[in-house]
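One structure is given below, encoded as structure tokens.
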Amino acid sequence: MAHFAKLDENNTVIFVTVGRQEDDGKEAELTARTGDTYKQTSYNTRGGVHYDPETGEPSADQSKALRFNYAGIGYTYDEGRDAFIAPKPFESWVLDEATCLWAAPVPYPEETDEEGNPVPYVWDETAGEWVVSE
């Protein structure tokens, strides 16, 4: 099964639809038939890595890693990078060019509580840091 993102005039994803995987040239066919712009997207791709849907581990066949990230409504298709990029979550975050994912200016804390459970954090844009989620 293949997924295709419909783009508006600003290359923003406005719709994602499903098609048959065996339909080579489906992007061009959809575009020609509808007059809209479509780009194929990979459901199991994130940060430029394709993950096996059964194991959640990186796939042996990375040729399936398509356009860095699975397209979602509101994402932008960057033609120069040939990548789908999520909306910027905070003004201070920067785009990681290697993954086309947004990164906080401060790394996420890897901390556990006294029982060994991960401590949940949320980004505080005003403070410019991760704070414990309440």
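Laid out as a table, the results:
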| read-out | value |
| --- | --- |
| Neighbour net charge for residue 54 - beta-carbon separation under 15 angstrom, K R +1, D E -1 | -2 |
| Normalised convex hull volume, the stretch 1-124, alpha-carbon set, Å³ per residue | 143 Å³ |
| 14 Å tail of the calculated P(r), the stretch 33-88, as % of Cα pairs | 54 percent |
| 14 Å beta-carbon shell around residue 86, net charge (K/R +1, D/E -1) | +2 |
| Those aspartates and glutamates that a straight Cα-Cα span of less than 18 Å connects to residue 6, excepting residues fewer than 8 apart in one chain | 23, 24, 27, 29, 36, 78, 79, 82 |
| Choice from 111, 57, 79 with maximal GNM fluctuation in the chain (Cα, 10 Å cutoff) | 111 |
| Inter-site label distance for residue 15 and residue 110 at 7 Å from Cα along Cβ, in nm | 4.4 nm |
| Relative packing of peptides 112-119, 85-92, 4-11 - highest average C-beta neighbours within 10 Å first | 4-11, 85-92, 112-119 |
| Span from the the stretch 89-109 Cα centroid across to the the stretch 31-52 one, whole angstrom | 22 Å |
| Electrostatic dipole magnitude of the chain [Cβ: Lys, Arg +1; Asp, Glu -1; Cα centre; debye, to 20] | 820 debye |
| Helix-only CD estimate at 222 nm, as mean residue ellipticity for the chain, using -39500 (n - 2.57) per DSSP H run (n ≥ 4) | -2000 deg cm²/dmol |
| Dipole of the chain [Lys/Arg +1, Asp/Glu -1 at C-beta], most positive-end residue of 28, 95, 60 | 28 |
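Taken together, the values in this text are just the output of simple stated rules run on the coordinates, not laboratory data. This one's a predicted model, so the numbers in the text were calculated from it and none came from an experiment. Cβ sites come from the backbone with ideal geometry, for glycine too, and all protein chains shown count toward neighbours.
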